[in-house]
1. Quick check: residue separation of Glu47 and Lys29 times 0.36 nm, minus the Cα distance between them. What number comes out in nm?
2. In nm, give the distance between the simple-model label positions of Leu57 and Ala85, each being 7 Å from the Cα along the Cα-to-Cβ direction.
3. Starting from the Cα-Cα distance between Ile67 and Ala18, subtract it from 0.36 nm times their residue separation and give me the gain in nm to one decimal.
4. Whole-Hz ³J(HN,Hα) for each residue in the stretch 44-56, computed from phi via Karplus 6.51 cos²θ - 1.76 cosθ + 1.60 with θ = phi - 60°, x for glycine and proline: what do you get?
5. Residue by residue through the stretch 20-26, what is 3J(HN,Hα) from phi via Karplus (6.51 cos²θ - 1.76 cosθ + 1.60, θ = phi - 60°)? Round to whole Hz and write x for glycine and proline.
Amino acid sequence: MDGAKRNSRDLKREVQDAVPYLLPYLGFKDASLRGLAAWTLGLLGAETARPQLEALLGDESEVSLYINARLVRRRVSDLAKEALATITRTKRPLTFSRNKLHKEEGYG
């Protein structure tokens, strides 16, 4: 296996290894931490986060996020709903390019 493929495989494993460290943030008092964790876990396709994300579907707290070069207000429940939809829609391995996380749908 060449170095690039090995490095990509190692990076995929490291990203997935982050999931257990992100899960506790879904229960934090700070809505910004809950929202960012939900958003990130969705991008990672973290199937193991499904029960905790479902628990946030009633969380109407608002957070500010910088998305697509704009500062926007989003409800934690909306971020959890989008994360769950992403996890359901993308049940295939992650790919990496230009040091950014991508999926075939075009994240990044």
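Taken together, the values in this text are just the output of simple stated rules run on the coordinates, not laboratory data. From a predicted model like this one, the values you see are computed outputs, not experimental measurements. Please note: Cβ atoms are built from the backbone with ideal geometry, for glycine as well, and neighbour counts cover all protein chains shown.
1. Separation in residues times 0.36 nm, less the Cα-Cα distance, equals 4.2 nm.
2. 1.4
3. Roughly 15.5 nm would be gained on extension.
4. Rounded to whole hertz, the list is 7, x, 6, 4, 5, 8, 3, x, 5, 5, 4, 5, 8.
5. For the stretch 20-26, the Karplus-derived couplings read x, 6, 7, 3, x, 5, 5 Hz, x marking Gly and Pro.
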